[in-house]
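One structure coming up, written as structure tokens, with questions to follow.
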Amino acid sequence: MDIFRLCRNYIETITELKTKNLMKTRSFEVPTDMMPEFAEILQENELNNTIQGINDENDIMIDVDYEPDERDAVMELMLLLDPDDEDGSEENDD
């Protein structure tokens, strides 16, 4: 299977899951000094993610796609970036 077909299949799968409300996306702005820890959590939990760019403060903007059973891993990312927000009160899922 060539890379283009693989990418198209991946995008179709993500789109289908989002349409069925099974997949959500959470956007993060990650300071560069926290990126190694953030990336480690992404890797350990095999979370799908996309780097969108950087903001005015040079934080790395990352979208994380996740399913309901991966919510705990997303909460771990949120707590890493904002340890005072233990209840996830600022969560803005799509």
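We did not get these values from a lab; they are worked out from the coordinates using the rules stated. Note that the structure is a prediction, hence the values are computed from the model and not measured. Heads up, the Cβs are rebuilt from the backbone with ideal geometry, glycines too, and the neighbour counts pull from every protein chain shown.
In what sequence do Ile62, Ile54 fall when counting other Cβ within 10 Å, fewest first? Could the numbers behind the result be given before it?
Values: Ile62 21, Ile54 13.
Ranking Ile62, Ile54 by Cβ neighbours within 10 Å, fewest first, gives Ile54, Ile62.
Would you order Arg71, Arg5, Arg26 from fewest to most other beta-carbon atoms within 10 Å of each residue's own beta-carbon?
Arg5, Arg71, Arg26
Met61: net charge of surrounding residues, Cβ under 13 Å, Lys/Arg +1, Asp/Glu -1, itself excluded? Write out the running numbers ahead of the final one.
Working: positive: Arg26; negative: Glu29, Asp56, Glu57, Asp59, Asp63.
Residues close to Met61 contribute a combined charge of -4.
Multiplying the sequence separation of Asp84 and Glu67 by 0.36 nm and subtracting their Cα-Cα distance, what value in nm do you get?
Details: separation 17, 0.36 × 17 = 6.12 nm, distance 2.44 nm.
Full extension from Asp84 to Glu67 adds 3.7 nm.
Further question on the same structure: Debye sum, Cα scatterers, segment 23-94, no solvent: what log₁₀ I/I(0) at q = 0.25 1/Å?
Scattering profile of segment 23-94, log10 relative to I(0): -1.31.
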